[in-house]
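The values are calculated or read from the model by the stated rules, or taken from the named source; none is laboratory data. What you see is a predicted model, and the numbers here were worked out from it, not measured in a lab. Don't worry about glycine lacking a Cβ; one is built from the backbone with ideal geometry, like all the others, and counts go over all protein chains shown.
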Amino acid sequence: MNLRRKITLYLSCAVLIAFVLITIAQMILTYSEFKKDEKKIVLIEALKIQREVESTFGRPFDRLIGIREVVQTSRQTRPEILSLLKKVASETEIVFGAWTTFEPNAFDGVDFKFKNTEGHDETGRLIYYVNKSKSSKQSVVNKYFNYETETSENDFYQTLKKTKKDFVSSPYAYFAKDYRIWIVSLVTPVIRNGNFVGVFGIDFTMKDISEKMKSFKTLQGKGYARILFPNATSLPPPSGIEPEIPSLAFLQNEIEEIATFNEENYYRAILPMQLSESGTKFFIEVGIPHSIFYEELLELILKNMILTFLFSLIALGILNYALKKWFLNGLALAEAFSKEIEKGNLNTPIPPTEENELGTLVHSLDSMRKSLKNVLAELQFSNAIITKSNQKLRMALLGAGMATWEVDLKAGTLYFPEGEISSLSVDESRKLKIKQFLKRFHRTQRLEMIRYIQNFLYGDSTEIEVLFPNILPEGVRWFRARGGWGISEQDPEEKLEGILSGIVFDVTDWRQAEDLRKANGEILIRTRIIEIQKKELEDALHELKSAQNKLIASEKWASLGQLVTSIAHEINNPLGAIKAGLQTIEAVSQSFQNRIFQVSVTIPRLNEEDRNSFFEIYAIAMDSKEPPLGFKMRQRAKSLENILNSYHVIHPERISVFLTELGLQDADGRWVSFLNHPDVFELLSFIDSTLSFLRNINIIRLAVEKTRKTVFALSSYSSLSSDRSPKPIRIDDSIQKILISNLQHSLRDTKIHLDLSSLPKIECDLEEITQVWTHLILNAAQATQGTGNIKIFGSPLLDQKKVQIFIQDDGPGIPKELRSKIFDPFFSTKEQGEGIGLGLDICRRIIEKYNGTIELVSSTVGACFKVEFPISSLAENRDSLETLNSPLLEET
């Protein structure tokens with residue numbers, strides 16, 4: 001053993017022995033003192049955390065219980081409930097959401113008025129959910145869901161429905177709109193007359209609860225605190241260093257009051273807790289590691305270490321003097337020699353040394369210098385050989401149209417170091433990002449390539465082969481890339497940061513040949529399919545001809561039966577409407593008489609302004625159309641409710657429904673006093689009853705008119721052969737007359753475009769031609785559901801002495817398979833009871849009676865009927881013909 005080691009060993013032993021003795025004595029004294037106070041400190045921290053939990057989570061829940069008490073004892077409106085929930089959600093930052101769910105029609109009995117509105121489902125059930133899924137500063141309103149089926153994730157509703165007690169849920173996953181989040185719910189039931197009608201609840205996210213529990217900083221952040229839920233889960237979740245969570249049976253059976261446990265690494269306390277007297281019991285656990293009580297020991301140890309450090313300084317001073325005298329001088333010479341070798345100066349001379357350990361070290365360095373000199377010469381020679389080999393490889397790749405590639409997975413780059421790259425669309429740097437390379441491909445190709453590379457990276461293979469296209473101005477070129485890791489085995493953990501390499505070459509000719517082979521196979525298959533289909537069509541044609549002969553024989557009997565059925569439906573439907581209208585009038589007549597008496601007493605008591613408002617609403621209702629149904633009616637009622645809210649009407653929701661049913665679309669600010677009158681609902685009900693009488697009378701009138709038209713159509717059909725004396729008729733006058741008089745009501749929502757100027761007269765009976773125009777225009781209006789466009793235009797054919805009239809709609813058109821039947825008697829495309837199928841047949845017979853024609857012509861939009869009539873005698877139409885100038889004749 002040399003001198004340096006002896007001095008170092010002796011000093012180290014002396015310092016170590018003194019340090020260990022002092023540290024052991026201090027640890028024993030400190031341990032005995034702090035062990036006495038350990039239980040007391042844990043209990044104090046547990047009670048402090050309990051107060052923090054009650055303050056943080058109990059106050060919002062108490063506010064929710066207050067809302068429940070108000071709802072149980074009084075009737076609130078749905079907007080008021082929504083406003084209270086928004087206030088609860090926004091008052092406390094840690095609250096994620098406040099919500100309520102009521103049984104069907106249990107809140108106010110009018111769920112049907114709120115179907116599919118904000119916070120309601122398709123039944124109108126009250127299921128508000130105010131939450132902060134978008135941001136912590138903005139509340140949104142969603143529909144609550146997933147509460148009817150009994151599963152572990154919706155016991156927040158089903159459990160209360162059975163127990164009728166306050167409930168604290170264990171953490172569960174919930175979807176707020178499209179936002180999935182883990183939450184804990186505090187829920188309280190709503191009980192009316194001893195019956196369960198719904199719940200109110202508030203939600204806290206697991207993240208917020210965990211962060212809040214961590215913020216309590218048990219024993220200045222040195223211990224831990226967590227909430228134990230009824231299913232033995234905890235928040236914050238276990239991090240792995242805390243003790244194991246007790247079982248559910250142990251918590252429920254053993255923990256009746258605060259309990260402490262002295263375990264191997266922790267001293268912890270568990271105490272039960274309830275946010276209300278009848279609520280779910282959960283637990284607060286506080287633990288402090290034993291290591292905290294050893295901190296004072298460490299402080300004393302630190303003091304001893306300082307003292308030991310002072311003694312060590314003295315010993316090191318003595319050691320330094322000895323080392324300089326006997327060791328460091330020689331070591332400096334050896335260090336200077338090694339630095340010269342490090343700089344690459346392999347010809348430096350060896351310094352003078354003594355015959356000791358330093359001398360041996362310097363001679364070893366000199367031997368290493370000579371070895372390095374020889375190795376450097378060998379490396380220079382090998383580098384020259386590699387350079388020549390690379391040049392030969394580069395020439396071979398260029399000649400074969402190939403290139404080498406490298407993929408750096410860590411940097412995300414693709415590099416082509418050598419070879420031909422002109423067809424690969426790479427710039428002079430020969431580098432591009434892997435993302436840029438993948439963007440060249442179609443989405444399907446890109447996903448397929450990514451899946452292949454993932455399977456390669458996470459699989460056992462060491463070789464990769466990829467086929468990919470590259471689109472160039474002159475066409476598509478296909479390439480095949482082959483390569484791998486370059487070694488037989490690759491560490492799985494290093495694959496994602498490794499480098500792949502290989503070669504890439506053009507395989508366009510092979511790809512084109514492969515595509516041609518597949519195309520030929522598909523052509524052969526399709527040819528065979530066509531031959532089979534041809535045979536099937538020939539057999540079907542034969543069967544159709546046979547069936548046609550049988551149908552012709554039964555045509556007459558089918559037509560007669562169709563006529564009887566259609567007439568029965570056409571007359572029976574109006575009679576049913578008349579009967580229903582009379583029954584409605586009889587049902588409301590008695591209540592209407594009572595309302596007349598009440599209104600006669602109420603109206604004189606109104607002031608002049610309210611009386612004028614009443615009569616103005618009455619007049620508007622009498623002139624209004626039938627109110628819309630379904631969604632449009634709810635939409636109009638909601639719009640009126642918003643207007644009434646802006647006027648500060650007391651009952652905007654109910655009054656908006658009344659006004660919508662009366663046919664009103666807007667509300668005047670002058671009506672506010674009347675709408676806030678105590679008897680407003682009685683007066684509005686009177687207007688509604690009056691309007692109901694008038695509407696039922698109108699239904700009866702329309703039914704009678706429809707029956708009259710059916711009888712008239714049958715009469716016209718049977719009397720078409722009677723003789724009538726034709727007279728010259730103006731086409732535009734006859735059509736405009738029926739649009740203004742006969743069809744004004746039926747076409748009130750239809751746009752009519754007329755272009756019938758300068759048409760010559762035709763010879764026919766005015767009543768019969770009016771019947772033709774009426775049938776054709778009504779058919780066009782019914783095809784567009786009464787809300788489309790109808791074009792009526794005409795042009796003369798002077799060389800043929802004829803005039804053409806076109807009637808076109810923008811409806812769905814007539815299918816090709818039905819076009820040959822539309823002029824058959826009793827054929828109709830309308831619903832049963834909407835027509836007997838004689839309209840077009842009557843039109844055809846009238847037109848042919850006066851040597852005219854009617855046909856369905858092809859049209860890009862809807863259906864278009866063309867009617868042709870002979871022009872009346874030239875003497876009677878001279879004035880009309882002179883108005884047609886030569887450019888119009890040429891265009892015609």
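Overview of values
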quantity: Scan of region 72-120 for residues that are in a loop (DSSP other than H, G, I, E, B), of a type in the set (S, T, N, Q) and on the phi < 0 side of the Ramachandran plot, ordered by number; calculated: Ser74, Gln76, Thr77, Thr92, Thr117
quantity: Filter result (at pLDDT 75 or above and part of a loop (DSSP other than H, G, I, E, B)) within region 174-193; calculated: Asn193
quantity: Which listed residue, of Leu298, Leu307, Leu323, is of a type in the set (A, V, I, L, M, F, W, C) and modelled with pLDDT under 70; calculated: Leu323
quantity: Verdict on Ile752 being in contact with a strand residue (DSSP E or B) (Cβ under 7 Å, 6 or more places away or on another chain), crowded, with 18+ Cβ neighbours inside 10 Å and either at pLDDT 85 or above or not assigned by TED's automatic domain parsing to the domain that holds Lys849 (or both); calculated: no
quantity: Of all residues making up region 118-143, the number that are over 16 Å from Pro104 (Cα atoms) and in contact (Cβ under 8 Å) with a residue 60 or more places away in the chain; calculated: 1
quantity: Total residues in region 687-708, condition in contact with a Phe, Trp or Tyr (Cβ under 8 Å, 6 or more places away or on another chain) and hydrophobic (A, V, I, L, M, F, W, C); calculated: 2
quantity: Residue satisfying condition, being modelled with pLDDT of 85 or more and either within 24 Å of Arg730 (Cα to Cα) or surrounded by fewer than 16 Cβ atoms within 10 Å (Cβ to Cβ) (or both), within set Thr774, Thr784; calculated: Thr774
quantity: Selection count where residues are part of a loop (DSSP other than H, G, I, E, B) and either of a type in the set (A, V, I, L, M, F, W, C) or in contact with a Pro (Cβ under 6 Å, 6 or more places away or on another chain) (or both), scope region 645-669; calculated: 6
quantity: Exclusive hit being of a type in the set (Gly, Ala, Ser) and buried (at least 17 other Cβ atoms within 10 Å of the Cβ), set Gly279, Gly240; calculated: Gly279
quantity: Single condition Asp509 does not satisfy, out of (1) more than 44 Å from the chain's Cα centre (by Cα); (2) surrounded by 10 or more Cβ atoms within 10 Å (Cβ to Cβ); (3) modelled with pLDDT of 70 or more; calculated: (2)
quantity: Condition broken by Glu69, with the remaining ones in (1) over 24 Å from Ile270 (Cβ atoms); (2) surrounded by 13 or more Cβ atoms within 10 Å (Cβ to Cβ) satisfied; calculated: (2)
quantity: Sole residue being closer than 30 Å to Leu838 by Cα and either of a type in the set (S, T, N, Q) or at pLDDT below 80 (or both), chosen from Arg695, Arg701; calculated: Arg701
quantity: So Glu340, is it more than 30 Å from Gly201 (Cβ to Cβ), at pLDDT below 70 and either not assigned by TED's automatic domain parsing to the domain that holds Leu21 or not polar (S, T, N, Q) (or both); calculated: no
quantity: Which numbered condition Asp460 misses (of (1) under 17 Å from Gly484 (Cβ atoms); (2) modelled with pLDDT of 75 or more); calculated: (2)
quantity: Checking Ala98 against (1) within 27 Å of the chain's Cα centre (by Cα); (2) among the small types (Gly, Ala, Ser); (3) surrounded by fewer than 17 Cβ atoms within 10 Å (Cβ to Cβ), the condition it does not meet; calculated: (3)
